[in-house]
Amino acid sequence: MDCDNFPLAKDPQYIPLALGTSRLQGKQCIALIDRAINTGYRIIDTARSYKNETDIGLGVLSSGIERNRIFISTKIHLTEMEYQFALGAVGKSLTALHTDYIDLVFIHWPSVNIPLRETISALVELKQQKVIRHIGVSNFPLVYLRYALNNFSDISFIQIEHHPFFKEKQLFDYAVNNGLMIMSYRPTAMGQASLHSDIVNIASKVNATPHQVILKWQMSKLNNIPVCGITNKKHLQANLDAYRLSLSKSDLQVIDNIDNKARTMDRDYAPDWYTQSLPKAWD
Ligand SMILES: NC(=O)c1ccc[n+]([C@@H]2O[C@H](COP(=O)([O-])OP(=O)(O)OC[C@H]3O[C@@H](n4cnc5c(N)ncnc54)[C@H](OP(=O)(O)O)[C@@H]3O)[C@@H](O)[C@H]2O)c1
């Protein structure tokens, strides 16, 4: 898959920017999702662990926009990787989201204890039943991703941390060369990258905010959809407007050249990001 055949690409309002929802819940979540969709957002990213799928579903319903014009991604959690648990998890997401299909289901984190084939086979079965449209993996180190793509043909998305302080070029290129769409999470390093002097300088030159410059840099990368978290509705329009910014090749290069390797995400269950070996349970 690439940007041109992304399911919503033909919608004239489509902009390759997803709304990240990990810090949204309750009434604030419902209202923000409704407002975001009516401002022009078409891609909403959630996860079972965010505990807001019900609110997301209510927000989508309240927006009044047809379901088939919205792309919803969710993620099943580490405790749901066994075949039966994965089937059950997606069932719970469907109910919570008030929908009869989910556009994209990610494996949120790779499990080192459950064979990947167990989880993937549950997701493939649901895809064959048209309950889910796409399968993705998230937080997979390169060696895990290679294994996944070499062994299963149904994976079409990866979601990874990616921002000016953390660019995984090898993994990124591998994903693009293998036809995956990438969803870049923490695209601004939770706002930290907008303080970087190179980005501040570019922003003042092009009359935009540093945040917009970073999002445009993200959107200029092949097959890449940044997933930007927003809790303040004032940020909704500004981030969509980033799409229309024009950045020169040398501006993009300056951001490409910013010091790398400042990963913000870690979890005690996360595999070593640079591991060269696969979990024994996957044999
Ligand atoms: N797959 C995974 O394991 C994983 C892990 C982490 C995150 N994610 C996904 O990625 C999403 C984004 O991550 P994130 O929220 O941690 O980081 P982020 O998107 O890099 O940063 C969010 C911060 O940027 C601010 N912001 C947004 N638009 C702005 C603007 N126009 N001007 C100034 N500030 C602006 C937000 O402020 P306000 O809140 O005030 O609007 C918030 O403080 C999550 O919601 C989630 O969907 C996935």
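Set the Förster distance to 35 Å, then compute FRET efficiency between SER49 and ASN5 from the Cβ-Cβ distance, nearest 0.05.
0.70
Under 1.5 on a/c is rounded, so check that first for the range 88-213, then, if it is not, pick prolate when a/b is larger than b/c and oblate when it is not; a ≥ b ≥ c are the square roots of the alpha carbon gyration tensor eigenvalues.
Here the range 88-213 falls in the prolate category.
Take HIS235, HIS108 and order them by how many other Cβ atoms sit within 10 Å, fewest up front.
Result, fewest neighbours first: HIS235, HIS108.
Each residue of the range 115-121 in turn: what ³J(HN,Hα) in whole Hz from Karplus with 6.51, -1.76, 1.60 and θ = phi - 60°, glycine and Pro shown as x?
Taking θ as phi minus 60°, the curve returns x, 4, 4, 4, 5, 4, 5 Hz for the range 115-121.
At 222 nm, what helix-only mean residue ellipticity would the chain give, in deg cm²/dmol to the nearest 500, using -39500 (n - 2.57) for each DSSP H run of four or more?
-11500 deg cm²/dmol
Only sites in a loop by DSSP and with at most 16 other Cβ atoms within 10 Å count here; which trypsin sites (Lys or Arg not before Pro) in the range 47-110 make the cut?
LYS51
Quick check: from the Cα gyration tensor, does the chain come out rounded (a/c under 1.5), prolate or oblate? Before the final figure, lay out the partial values.
Numbers: a/c = 1.78, a/b = 1.20, b/c = 1.49.
Here the chain falls in the oblate category.
How charged is the neighbourhood of GLY20? Take every other residue with its Cβ under 13 Å from the Cβ of GLY20, and add Lys/Arg as +1 and Asp/Glu as -1.
+1
Among DSSP beta bridges whose residues both lie in the chain, state the antiparallel percentage, nearest 5.
5
Please work out the FRET efficiency for the pair ASP259 and GLN237, using the Cβ-Cβ distance as r and a Förster radius of 22 Å; give the result to the nearest 0.05.
Working: r = 31 Å, r/R0 = 1.42.
Computed FRET efficiency for ASP259 and GLN237: 0.10.
With a Förster radius of 45 Å, plug the Cβ-Cβ distance of LEU252 and ASP154 into 1/(1 + (r/R0)^6) and report the FRET value to the nearest 0.05. Please report the intermediate quantities before stating the final value.
Details: r = 33 Å, r/R0 = 0.73.
Here the calculated transfer efficiency is 0.85.
Enumerate the calculated ³J(HN,Hα) couplings along the range 268-282 in order (Karplus 6.51 cos²θ - 1.76 cosθ + 1.60, θ = phi - 60°), each rounded to whole Hz, writing x wherever the residue is Gly or Pro.
Residue by residue, the range 268-282 yields 5, 8, 6, x, 3, 4, 9, 4, 10, 10, 9, x, 4, 5, 8 Hz.
Using the Cα centre of the range 1-87 as the reference point, and only Cβ charges (+1 on K/R, -1 on D/E), how large is the resulting charge dipole? Debye, rounded to the nearest 20.
That gives the range 1-87 a dipole magnitude of about 280 debye.
Which residue, LEU32, LEU123, LEU252, tops the fluctuation ranking in a GNM of the chain built on C-alpha contacts under 10 Å?
LEU252
The numbers here are math on the coordinates, done by the rules we state, and not lab data. As the structure is a computational prediction, the values presented were derived from the model and not from experiment. For neighbour counting, all protein chains shown are included, and Cβ atoms are generated from backbone atoms with ideal geometry for every residue, glycine included.
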